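Asks: Sharing a structure here in structure tokens format.
The values are calculated or read from the model by the stated rules, or taken from the named source; none is laboratory data. If you're wondering where the values come from, they're calculated on a predicted model, not measured in any experiment. Methodologically, a virtual Cβ is constructed for each residue, glycine included, from the backbone with ideal geometry; neighbour enumeration extends over all protein chains shown.
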Amino acid sequence: MSAAVINYPRDLSHEKNRPMKFLEQLKLQSFRRFQEESRLYDVVLDDHVSALEALVAQSKDGMAIITGATLLGRESKIQYLNAAFTKITGYTAEDLVGKSTAVLQDISGTLGRVEPIERAPAGTITSIVEIKSSIKGGPKTWVEVSVTPVEDDENHISKWIYMLRDTTGQRLAGRLDGQLKEVEAENSRLVVELEKQKAIEFDLSHNAFHDSLTGLRNRQYFLDQLAKALERTQKRPSYQAAMIYLDLDGFKAVNDSVGHRGGDRVLIETSRRLEKCCRTQDIIARLGGDEFAILIDDVTAEAGASIVRRILDGLADPFDVGNEHVSLTPSLGYNAVRSSYTDVQDIVRDADSAMYLAKRKGGAGCVYSDPSLDANMNNAGLQEQELKRAIDSAELQVHYQPILDILTTPPKLWGVEAVVRWQHPDRGLLLPAEFLPVAERGGLAAPLGISVFRAACLQMKRWQSCVMNPDFFLSVNVSRSQVNHPGFFKDIVDILADTEIDARCIQLEVSEEVLAQNGKTAVEAIGKIRDLGVKIALDQFGAGYSSMTQLEGYPIDSVKLDGSLTKRLGGSSKDSKMPKLVIEFAHGLGIQLIAGQVENEEEIKSLRQVGCTLVQGYAFSPAVEEAKITRLLDQGTRSLGIGKI
């Protein structure tokens, strides 16, 4: 195609004398205007080109211009590359400009990926791909590659724009962002774990000094604070403090009437009432069971008396337990924290003694500790020493109460229960009620019980020579202290071995209270004794801890009915319903029944009617010396009339 010919107007300025024609003037003006516009266009174009060159040169993206109709053709050459391209790849302009595009294969290895561009429609821009590219003399780095074809005026591809963008930083930032999120997630998890750990530590700390049932402070915390109060009293004579020892009168009957859960509700409600009766600075603690202690801090005698009155009034109202209304009264022992004390246990002891005096006076009141109580405690200490001496000497005597079979008339002697008496040198013969509390308080109950058991077994061995009935048995009571003593099982085994007595003729009586309060530990200890062949009787059944459903879980052979149940048999049909139900239930389980505290013929008659044929009580005989039992056995008879022994 030939170029167009433009006829420019001749410059007629030298023809000064010849006037210009109008058409010539018009052409000249147009030419001059065209020249000016062209000059301005070139200036603008130069500015754009300069700006574009500066933009390309300063771009952080690597750019290369490739000439050639095809990207991969042999004739394709690298025409230009900017500074960013050399920075990203490590190659200089001398390394690449004028070279074949094959060198790009060494840099990015992407030519195979962009090959389809050559077959794409004109004007198509490639999709961006991200690859790991080689840096000259260095490690591979992640780059983003894009290739764009450039067409000429006839829509033929004549150049290619090849661009690289370093994405290593973005990838690193993304990875760091991911790691940061992982760290944040881990931190969040650790925060949750830390909160859980704090909660556990709080629970452990709380449980270490709080009662789990009522939420009150526990014994250990109370004793610690009592020690601090004693220290303040000794350092500051003007400071006064006191403690109150509180016990609920008749609480054991609550478990009988509303069950242990009901009893727990009563204890919780008692705690809330005590909190209302006391001041915020006072410390209320549950010592165990239905026993509470209150440390009245920085108090005058008048303020202490006011708190006592509020407590007595606050616990006077009945407790609502389900559909039941339970009425209880408190017995309080009040003891001032005096500087003369050297041990907090002595303060507790004196408050406890005052509380027991309140109980002996009928309960529902408060006894204030005074010096006479100290004298009483000194007297109690003397009793403990005397009782310890009595255990080691011959002052303790074992008496025996007959257990009879009333199926025949007259009843027959079937066994005996061993009971202890103290032949005091000054006070005469003492019954257990007069010295067993001393034994429990002084830690002598366990050695006392073992002493009685050994003496009774030795006597039983002597009796066996004259007993014709092989079912004749010896029954011995065991206390809570014995059951809890670590040597209990070994002591029983040793005595059975030493006396060479048949374990099957021995029966141990354990009260419901021991099993109920000591739970699994007591049941396991008694179960081991039973495995030896020793019979186990549940004593005082119906005296306050009764639960017929528990009979199936106890390792027992017989049940001794409490006198309160025996007496109800002869009453109205309503009164006799419970003892009859207990007897039927025990018979159904194959458990032998023994009625205790039988006092008259009416009770004997009622027991015969319900099938309870083994009895003991004053209707026949109190506990007597072994000589009287021996005489009966020597005579070869076991038939006894009422009150004949």
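Asks: Could you tell me which of the residues E130, E154, E115, E94 is farther than 19 Å from L81 by Cβ, modelled with pLDDT of 70 or more and of a type in the set (D, E)?
Replies: On inspection, the qualifying residue turns out to be E154.
Asks: Is there a residue being modelled with pLDDT under 70 and within 22 Å of D152 (Cα to Cα) anywhere in segment 72-91?
Replies: yes
Asks: Pick from S212, S188: which is in a loop (DSSP other than H, G, I, E, B), among the polar types (S, T, N, Q) and surrounded by fewer than 17 Cβ atoms within 10 Å (Cβ to Cβ)?
Replies: S212
Asks: Before we move on, is A456 at pLDDT 90 or above and not acidic (D, E)? I'd like the intermediate steps shown before the answer.
Replies: Details: at pLDDT 90 or above: yes; not acidic (D, E): yes.
Taking the combined requirement at face value, the residue satisfies it.
Asks: Taking the stated definitions as given, is K276 within 21 Å of C366 (Cβ to Cβ) and among the basic types (K, R)?
Replies: yes
Quick grid of which residues meet (1) in contact with a strand residue (DSSP E or B) (Cβ under 8 Å, 6 or more places away or on another chain); (2) within 25 Å of L430 (Cα to Cα); (3) modelled with pLDDT of 80 or more:
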| site | (1), (2), (3) |
| --- | --- |
| G542 | yes, no, no |
| K560 | yes, yes, yes |
| S572 | no, no, no |
| F620 | yes, yes, yes |
| A627 | no, yes, yes |
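Asks: R309 versus (1) under 29 Å from the mean Cα position of the chain (by Cα); (2) modelled with pLDDT of 85 or more; (3) of a type in the set (K, R): which is the lone unmet condition?
Replies: Of the numbered conditions (1) under 29 Å from the mean Cα position of the chain (by Cα); (2) modelled with pLDDT of 85 or more; (3) of a type in the set (K, R), the odd one out for R309 is (1).
Asks: Can you tell me which of (1) touching a helix residue (DSSP H, G or I) at 6+ places or on another chain (Cβ under 9 Å); (2) modelled with pLDDT of 80 or more; (3) over 26 Å from Q592 (Cα atoms) is the one V438 doesn't meet?
Replies: (2)
Asks: From the list A316, A303, A285, which one is among the hydrophobic types (A, V, I, L, M, F, W, C) and part of a helix (DSSP H, G or I)? Before the answer, list the steps.
Replies: Details: A316 fails: part of a helix (DSSP H, G or I); A285 fails: part of a helix (DSSP H, G or I).
Just a single option satisfies the conditions, and that option is A303.
Asks: Residues to consider are L404, L431; find the one that is among the hydrophobic types (A, V, I, L, M, F, W, C) and either outside the structural domain of V510 (by TED's automatic domain parsing) or loosely packed, with under 14 Cβ neighbours inside 10 Å (or both).
Replies: When all the criteria are applied, what remains is L431.
Asks: Starting from segment 275-289, keep only residues that are more than 19 Å from G304 (Cα to Cα), then list their pairs with residues that are modelled with pLDDT under 90 and not basic (K, R) whose Cβ atoms are within a distance under 7 Å, requiring at least 6 positions of separation or different chains.
Replies: R286/D211
Asks: Here's another thing I want to ask about it. What pairs come out if I take residues in segment 301-315 that are in contact (Cβ under 8 Å) with a residue 12 or more places away in the chain and surrounded by 13 or more Cβ atoms within 10 Å (Cβ to Cβ) and pair them with residues that are in a helix (DSSP H, G or I) and among the hydrophobic types (A, V, I, L, M, F, W, C) whose C-beta lies under 6 Å away, six or more apart or interchain?
Replies: So the pair list comes out as R310/C277; I311/C277; G314/C277.
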